[in-house]
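**Q** Before I ask anything, let me first share the structure, which is written out below as structure tokens.
The values are calculated or read from the model by the stated rules, or taken from the named source; none is laboratory data. Owing to the predicted nature of the structure, the values given are computational and were not obtained by experimental measurement. Quick reminder, even Gly has a Cβ in these numbers, built from the backbone with ideal geometry, and neighbours come from all protein chains shown. For accessibility, only protein heavy atoms count, side chains too; no ligands or nucleic acids. Shrake-Rupley method; radii C 1.70, N 1.55, O 1.52, S 1.80 Å.
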Amino acid sequence: MTPSEIETAARRAYNGEGDDFWSSAEIMDLIYAASLELSIESLAIERTFTTTSVLSQRSYSLPTETISVKRIEYNGAKLQPTTFREDDAITLSNSNSTDSGTPQYYMVWNEAFFLRPIPDTTGTEIKIYSINEPQRITTSSTMEIPTRYHLDIVKFLLREMYSKDKNLQQSSYYTGLWEQAKLRARKWEAKRKR
């Protein structure tokens, strides 16, 4: 479904088609909020990003929407994740070590990843496999949340619409449905990744 189709489905379920109590921009913000909550709880958005190495550059920024890194490859070879303690063992506690070569390890810290040894070439492909947050939603966006969760987002919208309308009974009902949907998504994504 597109964001506009999700908006239409929610308005139709609420019996509020053509109602201007909720602007389209407000509905898009709510679709984004639902997508964000669902992606953080279920880890459903998987992406692959590429960048290239720079001679003697150890740190590289992660894509802005990254929740967690699952794997990094350097020139097609899997790098091993490492910690500060393991990096100290590699560098003999000299974090300023400039030993260069073909990276074998990576460490993630503060929205960046660090390679060890430091790349000795420019232009080698670095591939990042990550779990991500969705990008902001507009009426013309492509939904990043998998289609299996689109109708669940309608439940989130209905919860918010009833809440704004001060119908707490219906809002509470859709809150329960939304919580169940998030739980199902967490279980399904965990099962799918096994």
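**Q** Working only within the range 104-130, note down all residues that are buried (at least 16 other Cβ atoms within 10 Å of the Cβ) and without any contact (Cβ under 8 Å) to a residue 40 or more places away in the chain.
**A** Residues satisfying the conditions are Tyr105, Tyr106, Met107, Pro117.
**Q** Any idea which of (1) over 30 Å from Arg194 (Cβ atoms); (2) touching a strand residue (DSSP E or B) at 6+ places or on another chain (Cβ under 8 Å); (3) surrounded by 14 or more Cβ atoms within 10 Å (Cβ to Cβ) is the one Glu86 doesn't satisfy?
**A** (1)
**Q** Right, here's the next one. Any idea which of (1) surrounded by fewer than 14 Cβ atoms within 10 Å (Cβ to Cβ); (2) in contact (Cβ under 8 Å) with a residue 12 or more places away in the chain is the one Lys155 doesn't satisfy?
**A** Failed condition: (1).
**Q** Let me spell it out: the conditions are (1) exposed (fewer than 12 other Cβ atoms within 10 Å of the Cβ); (2) under 22 Å from Thr124 (Cα atoms); (3) touching a residue at least 60 places away in the same chain (Cβ under 8 Å), and Arg47 meets all of them except one. Which number is the exception?
**A** Only one criterion in (1) exposed (fewer than 12 other Cβ atoms within 10 Å of the Cβ); (2) under 22 Å from Thr124 (Cα atoms); (3) touching a residue at least 60 places away in the same chain (Cβ under 8 Å) is unmet by Arg47, namely (1).
**Q** Being crowded, with 18+ Cβ neighbours inside 10 Å and at pLDDT 95 or above is the requirement here; does Lys187 meet it?
**A** Working: crowded, with 18+ Cβ neighbours inside 10 Å: no; at pLDDT 95 or above: yes.
So Lys187 fails the test.
**Q** Which number in (1) open to solvent by 80 Å² or more (accessible area, probe 1.4 Å); (2) at pLDDT 95 or above marks the one condition that Asn96 misses?
**A** (2)
**Q** Could you run through the range 53-84 and say how many residues are more than 30 Å from Glu41 (Cβ to Cβ), within 28 Å of the chain's Cα centre (by Cα) and not in a strand (DSSP E or B)?
**A** Counting residues in the range 53-84 that are more than 30 Å from Glu41 (Cβ to Cβ), within 28 Å of the chain's Cα centre (by Cα) and not in a strand (DSSP E or B) gives 6.
Every residue, every condition in (1) touching a residue at least 40 places away in the same chain (Cβ under 8 Å); (2) part of a helix (DSSP H, G or I); (3) over 15 Å from Ser141 (Cβ atoms), yes or no:
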site	(1), (2), (3)
Glu7	yes, yes, no
Asp19	no, no, yes
Ala25	no, yes, no
Leu30	yes, yes, no
Ala33	yes, yes, no
Ile40	yes, yes, yes
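**Q** So which of Ile153, Ile118 is hydrophobic (A, V, I, L, M, F, W, C) and either under 23 Å from the mean Cα position of the chain (by Cα) or closer than 30 Å to Asp20 by Cα (or both)?
**A** After applying the criteria, what remains is Ile153.
**Q** So is Thr50 under 17 Å from Ala112 (Cβ atoms) and in a loop (DSSP other than H, G, I, E, B) or not? So that I can check it myself, show each step before the final result.
**A** Working: under 17 Å from Ala112 (Cβ atoms): yes; in a loop (DSSP other than H, G, I, E, B): no.
For Thr50, the condition - under 17 Å from Ala112 (Cβ atoms) and in a loop (DSSP other than H, G, I, E, B) - is not met.
**Q** Pick out the one residue from Glu133, Glu160, Glu179 that is open to solvent by 70 Å² or more (accessible area, probe 1.4 Å), of a type in the set (Asp, Glu) and modelled with pLDDT of 95 or more. Walk me through it before giving the result.
**A** On the way: Glu133 fails: open to solvent by 70 Å² or more (accessible area, probe 1.4 Å); Glu160 fails: open to solvent by 70 Å² or more (accessible area, probe 1.4 Å).
Only one candidate qualifies: Glu179.
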